[in-house]
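Here is the structure we will look at, set down as structure tokens.
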Amino acid sequence: MSAPVTPPATAATQAAPPPPETVTVKVNGKTVQVPKTMPNWQGKPEATTMLQAARCAGVDIPHYCYHDKLPVAGNCRMCLVEFGTPMIGPDRKPVLNEDGSPKIARSVLPYEPGTPRGAIACATPISPGMEIYADSPATKQMREAVLESLLINHPLDCPICDQAGECKLQEYSVQHGQAESRFVEAKVHKPKAVDLGPRIILDDERCVLCTRCIRFTKDIVNDDALGIVNRGSYNTISAFPGKTFDNNYTLNTVDLCPVGALTSKDFRFKMRVWFLKETASVCTTCGTGCNTTIGSREGVVHRLEPRANDAVNGPWMCDTGRLNYKWIARADRLKEVRVGGRKSTWSTALREITAKLSTAPAGSVAIVASARQTNEELFLLKRLATKLGAITDSIAREGEPDRLLVSGDRNPNSTGARLTGVSFTEAGIQLPKIAAGIASGTIRSLIVFGEDVTQHGIDASLLAKLDMLVVSDILPNATTEAATHLLPGAAAPEKRGTFVNVKGRLQKFHKAVEAPGDARPEIEFLQELADAVAGPTGTSTIEGLFNRMTADIPAFGGVQWSAVGDTGVTLSL
Amino acid sequence: MSTKVVERKPLSAWERSYIPSFLGGLGVTWNHFKRTAPFLGNKPITMEYPEQKWVVPEGYRGAPYLVKDQEGATKCVSCQLCEFVCPPKAIRITPPGENGQPADRANAEKMPREFEINMLRCIFCGLCQEVCPEEAIFLQKDYSLTGTSREEMVYNKEKLLKLGGTHAGIQKWKHKLEEAEAQESFPVATEPQKHSH
Amino acid sequence: MDFFQNLDPAVQFFIFSAVKIGVVFGVTMSFVAYSVLVERKVSAWIQDRVGPNRTSPPIAQFIPILGPFLTRLGIFQPMADGLKFLLKEDFTPNYVRLAYFWLAPAIAVIPAFLTLAVIPFGSTLGNPDNKMVIADLDVGILYTFGIVSLGVYGIVLAGYAANSKYPFLGGIRSTAQMISYEIAMGMSVVSVFLLVGDLNLSKVIEYQAHGGWLVFKQPLAFFIFLVAAFAETNRLPFDLPESESELVGGYHTEYSSMKFALFFLGEYANMIASSAMMVTLFFGGWTLPFLGEPASGLLGGLLHIGIFVAKMAAFMILFIWVRWMFPRFRYDQLMDLGWRRFIPLALANILVTALVVAFVNR
């Protein structure tokens, strides 16, 4: 996680038509022009630091405590680098070398001019003509010394540490550390496996005291729950007495923690990270649509992590969304096609449904879609509805919003449902009309996707009146029980598609695992059904369907599938 | 030129008669016969396998088994490095997960819920032993692994531990625990801990 | 015995002959079987191996004292081999010439046994009228050569009948080889009969009993006969007709089961016949230098038979030994050796012998 924010992206968000003022510096002998100011953790312009300047030059300076989206603390000392500034003569003019270039004064200790003095790259602003020596012997020596200091009391228990494989301490030790320890005394032992909160376990011995977790919970979540207690070698991260570390964003500290000190209880000892296949996806828990990375192995989803997207969620996501994946592997997942309550096949079920729908009189069919479906699925349902003259609607799902990420709309694609015309400004407004239609006998067939309509005014006795009830869902409920044709569908990690979040951000997600049993991504059988009933769409791929949809519906502005990157595009609604 | 023509010595008439080579052949074959035949030398090179067993040399790479430490505790901590490094993917480890059985040893925190080696896939390369940070898996001296079904040749944790026996080592987790206990008590009590020392 | 003595002499002769045929056939068959075992054992020892040592019926291990030897020496291996040959699928490829295909193995094996008819394998068993030879022909050696040259038809037919290129090549090679070496073989024997003055093999033995073994008088003839015998029996170093490496078995490539076994049997029976011929012609047959008179009792008769069999066994072991010692000749070398070395040598030998007989021995 925490992919570095590229300066051009952030620059583009600022409304600054004149080219930004730049400063020329040298990084490892390479001259680069960097903006004089860059956005700080809150996005406000601040003097560019050496670390940011080095990044512009393509040089990564190792660091633990620095994070793009957190206040700078400068306490880990890992980013120490040797640097130099143009020498100024007594006449306040730059001193020049014989070849005319400015003479550079390397940073040295004030009381010991022969010894190089480093500066922390994360908090030292650049000045014109500055030279940063990210690879010099003195810099390397400083890094070695810092790492040795950090490792003095480290337990070196990587075999049992969940962070192993994505641990900055491991990585920097390999890249910049020493092969052997010179430390012969007994190590200081600190509390291990501390229960820090309902979702977090803390191992104090592994902590490098970078305070990223403290800054995150204080400055980002506004829940000042963590702090450092004790002195010297006994420094320990701890929750404040009487406070529990249980806000809805605690698991972000696990991502933030560069070492294995903070680990997730949910992911604890579950799978080694190097086995996980990473798939770019989108969280389906609310309308925000946080970008996620699904970690899966051999068809099993093991964890979700936030994927940085400054236009949506930054590098964060909430704990609720992060842990909302376990139902995917539930044993009672719908895995069989059922016709009339008996196990059947896709071809039989689709043939029967097609036959019924093709002969259905206009107005005798109603469709209840779900705002959890992808745009492409909704588009196909709308095609069906138009052909059949059917009433359509989706179901609203509301909750409490918070001030950071969680949206009040708990459907991931309410906007998409509105744009495709499946639901209206207020979702669910048509449901009573459908219920009445069934009661009066004008509606003979009902198609339900991913919703339990018995909870929304169309109860089992009404459903019993129907000639045909086609239900596609993932988990069993009262509606799937009543279905004449039950079509098992796929969860978001099992298919591809696009959502539009509450702010109009169109985002696509990819397939991480296979759907269980006979279950298929809805798009596949909906395509067959829509082609058979409403005439062919002329495309059989999700890309083609998406392009067709964006061409048909003006709100999508004709955006092509290939133009929607992994971080999405914002629609102008 | 890389080709070297070797001068071939012309054969004399006596040599061309095949008689010296015939006699030489008789001599060579007779010497072997004399050494091997039971009533003469009785020194065949063949080892009569099921009755005579081969003495496995030190460092032989036989079947990989899990070992226990001198206190009978499982050494494996389920780090899964062997599973990762295994070239034929013969090793399969089920990690303990959040609520798994705690490790046999006080301080090691975890051990595998299940550990399977498919001996039909294993190529006895020894990378698992090489990579193991806990000295928990060793290629031992078993070279004759047989079974009547494929399932039988997938050795589970219990079987691997039983076959592996004990390997006395430095017991680093125990050492760490002792070091922690020898230390003055931690200055300030912090949160309630799951694993008390 | 009285009953037997009272029978008509013709009937007596018939019964005696039948018994002799039966015994000779039975002994030869078991000789073949155990030659194979000896071949495998000797080859194993020459190659520092153990050889067959597993086959034994389960009850053998319970025999006191002998049990461990019986189970560990492979004594029962020939039985297992025989059983295997009998029980294997007799596969006939569908493109073979069926009649010849069936005929070939029989033709290969019969002449080998017929040859044995004229070999005197002992003196008498007490009765001077009843010689230990099945057919005491006056033209014994001519009969032998006549029959032996039939053996090649088995191989040629096999190569032809199989309708496949490797057996065909094997058959061709065999024909050329057999014809070539038969000449040398026949001519080497001529000198022997120049000395003996009779073609009856019993007379040859009689001559040797008094005049000393012919191997000392005709070493060159013996040498040529020995080499030619190797070639005639298709043994290494002259097994070109069946060379595994280039002809994948040669003439018997397409054969399996008992038909293959018949070729196998023929080869070993030929070896036995050749050994018997060499013993008879050059090594005094059943005689020893101090034991030349026909036996007067049953015991002496059996002793003579034992001497004959022992000499024959020695030649069998030579056959086997040479096989594991020599690599195969190249085909041109084989032909060169036959036509340009042995035939002139044999001719010269006849000439010298004839001159000696004509001028010295007179």
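Restricting attention to segment C:204-250, which residues are at pLDDT below 80, among the hydrophobic types (A, V, I, L, M, F, W, C) and in a helix (DSSP H, G or I)?
Once the filter is applied, which keeps residues that are at pLDDT below 80, among the hydrophobic types (A, V, I, L, M, F, W, C) and in a helix (DSSP H, G or I), segment C:204-250 yields C:Leu240, C:Leu247.
Can you work out which of the residues in segment C:303-322 that are under 22 Å from C:Val32 (Cβ atoms) and over 15 Å from the mean Cα position of the chain (by Cα) is surrounded by the fewest Cβ atoms within 10 Å (Cβ to Cβ)?
Within segment C:303-322, the match that is surrounded by the fewest Cβ atoms within 10 Å (Cβ to Cβ) is C:Gly306.
What do you reckon, is A:Thr263 within 11 Å of chain B (Cβ to nearest Cβ), under 19 Å from the mean Cα position of the chain (by Cα) and either in a strand (DSSP E or B) or of a type in the set (Val, Ile, Thr) (or both)?
Against the criterion (within 11 Å of chain B (Cβ to nearest Cβ), under 19 Å from the mean Cα position of the chain (by Cα) and either in a strand (DSSP E or B) or of a type in the set (Val, Ile, Thr) (or both)), A:Thr263 qualifies.
Among C:Val32, C:Val38, which is the only one that is within 30 Å of B:Val28 (Cα to Cα) and either over 15 Å from the mean Cα position of the chain (by Cα) or acidic (Asp, Glu) (or both)?
C:Val38
From the list B:Phe124, B:Phe115, pick out the single residue that is hydrophobic (A, V, I, L, M, F, W, C), at positive phi and in contact with a strand residue (DSSP E or B) (Cβ under 7 Å, 6 or more places away or on another chain).
B:Phe124
Out of A:Leu334, A:Leu304, A:Leu323, which single residue is surrounded by fewer than 18 Cβ atoms within 10 Å (Cβ to Cβ) and either at pLDDT 95 or above or not β-branched (Val, Ile, Thr) (or both)?
Only one candidate qualifies: A:Leu323.
When you scan segment C:124-132, do you find a residue that is among the hydrophobic types (A, V, I, L, M, F, W, C), at pLDDT 80 or above, part of a loop (DSSP other than H, G, I, E, B) and surrounded by 16 or more Cβ atoms within 10 Å (Cβ to Cβ), even just one?
For segment C:124-132, residues among the hydrophobic types (A, V, I, L, M, F, W, C), at pLDDT 80 or above, part of a loop (DSSP other than H, G, I, E, B) and surrounded by 16 or more Cβ atoms within 10 Å (Cβ to Cβ): absent.
Rundown of residues vs (1) free of Cβ contacts under 8 Å to residues at least 24 places away in the same chain; (2) closer than 30 Å to B:Thr36 by Cα, yes/no style:
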{"position": "C:Gln5", "(1), (2)": "yes, no"}
{"position": "C:Ala10", "(1), (2)": "yes, no"}
{"position": "C:Phe16", "(1), (2)": "no, no"}
{"position": "C:Val19", "(1), (2)": "yes, no"}
{"position": "C:Phe25", "(1), (2)": "no, no"}
{"position": "C:Val32", "(1), (2)": "no, yes"}
{"position": "C:Ser35", "(1), (2)": "no, yes"}
{"position": "C:Arg40", "(1), (2)": "no, yes"}
{"position": "C:Ala44", "(1), (2)": "yes, yes"}
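Report those strands (runs of 3 or more DSSP E) wholly inside segment A:15-69 carrying at least 1 residues which are buried (at least 18 other Cβ atoms within 10 Å of the Cβ) and at pLDDT below 95.
A:22-27, A:30-35, A:37-39
Which condition number in (1) among the β-branched types (Val, Ile, Thr); (2) more than 14 Å from chain A (Cβ to nearest Cβ); (3) in contact with a strand residue (DSSP E or B) (Cβ under 8 Å, 6 or more places away or on another chain) is the one that B:Ile137 fails?
The single condition B:Ile137 does not satisfy is (2).
Those residues that are at positive phi and either within 14 Å of chain A (Cβ to nearest Cβ) or at pLDDT below 90 (or both), I need them from segment B:140-175; list them, please.
Result: B:Gln171, single match.
Tell me the residue from B:Ala90, B:Ala103, B:Ala13 that is out of contact with any Leu (no Cβ under 6 Å at 6 or more places or on another chain), small (Gly, Ala, Ser) and under 30 Å from A:Lys265 (Cβ atoms), please.
Matching residue, one of B:Ala90, B:Ala103, B:Ala13: B:Ala103.
Can you tell me which residues in segment A:201-230 are within 14 Å of chain B (Cβ to nearest Cβ) and free of Cβ contacts under 8 Å to residues at least 40 places away in the same chain?
Correct list: A:Ala225, A:Leu226, A:Gly227, A:Ile228, A:Val229, A:Asn230.
Got at least one residue in segment C:278-298 being crowded, with 19+ Cβ neighbours inside 10 Å and among the acidic types (Asp, Glu)?
Scanning segment C:278-298 turns up no residue that is crowded, with 19+ Cβ neighbours inside 10 Å and among the acidic types (Asp, Glu).
Please go through segment B:56-93 and give me each residue that is hydroxyl-bearing (Ser, Thr, Tyr) and more than 10 Å from chain A (Cβ to nearest Cβ), ordered by number.
B:Tyr60, B:Tyr65, B:Thr74
Just to check your reading of the model, which residue among A:Gln170, A:Gln163 is in contact (Cβ under 8 Å) with a residue 60 or more places away in the chain, under 23 Å from A:Ser264 (Cα atoms) and within 14 Å of chain B (Cβ to nearest Cβ)?
Result of the check over A:Gln170, A:Gln163: A:Gln163.
A:Arg268 - would you say it is within 11 Å of another protein chain (Cβ to nearest Cβ), touching a strand residue (DSSP E or B) at 6+ places or on another chain (Cβ under 9 Å) and modelled with pLDDT under 95?
Yes: the conditions hold for A:Arg268.
Mind counting the residues in segment A:393-411 that are farther than 10 Å from A:Ser370 by Cα and either hydrophobic (A, V, I, L, M, F, W, C) or not assigned by TED's automatic domain parsing to the domain that holds A:Ile447 (or both)?
The number of residues fulfilling the criteria is 3.
Any idea which of (1) crowded, with 17+ Cβ neighbours inside 10 Å; (2) touching an Asp or Glu at 6+ places or on another chain (Cβ under 9 Å); (3) of a type in the set (A, V, I, L, M, F, W, C); (4) within 11 Å of chain B (Cβ to nearest Cβ) is the one A:Met142 doesn't satisfy?
Unmet for A:Met142, out of (1) crowded, with 17+ Cβ neighbours inside 10 Å; (2) touching an Asp or Glu at 6+ places or on another chain (Cβ under 9 Å); (3) of a type in the set (A, V, I, L, M, F, W, C); (4) within 11 Å of chain B (Cβ to nearest Cβ): (4).
Restricted to segment B:30-46, and to residues that are at the interface with chain C (Cβ under 7 Å from one of its Cβ atoms) and not in a helix (DSSP H, G or I), which residue is nearest to C:Phe69 (Cα to Cα)?
Per the criteria, the residue is B:Ala37.
Please tell me if A:Thr85 is over 39 Å from the mean Cα position of the chain (by Cα) and at pLDDT 90 or above.
yes
For C:Gln47, are the conditions met, namely being surrounded by 16 or more Cβ atoms within 10 Å (Cβ to Cβ) and over 24 Å from C:Phe260 (Cα atoms)?
Considered against the rule, which asks whether it is surrounded by 16 or more Cβ atoms within 10 Å (Cβ to Cβ) and over 24 Å from C:Phe260 (Cα atoms), C:Gln47 comes out as yes.
Checking the conditions here, which among C:Val152, C:Val109, C:Val118 is under 15 Å from the mean Cα position of the chain (by Cα) and under 21 Å from C:Leu334 (Cβ atoms)?
So the residue among C:Val152, C:Val109, C:Val118 that is under 15 Å from the mean Cα position of the chain (by Cα) and under 21 Å from C:Leu334 (Cβ atoms) is C:Val152.
Just one of the numbered conditions (1) over 17 Å from C:Ile183 (Cα atoms); (2) in a helix (DSSP H, G or I) is not true of C:Met325; which one?
Status for C:Met325: all satisfied but (2).
Hey, among C:Met271, C:Met312, C:Met258, which residue is touching a helix residue (DSSP H, G or I) at 6+ places or on another chain (Cβ under 8 Å) and under 22 Å from C:Ile179 (Cα atoms)?
After applying the criteria, what remains is C:Met271.
Do we find a residue being within 14 Å of another protein chain (Cβ to nearest Cβ), surrounded by fewer than 16 Cβ atoms within 10 Å (Cβ to Cβ) and over 24 Å from the mean Cα position of the chain (by Cα) anywhere in segment C:98-106?
no
The values are calculated or read from the model by the stated rules, or taken from the named source; none is laboratory data. Since the model is a prediction, treat every value here as computed from it, not as a measurement. We place every Cβ from the backbone using ideal geometry, glycine too, and count neighbours over all the protein chains shown.
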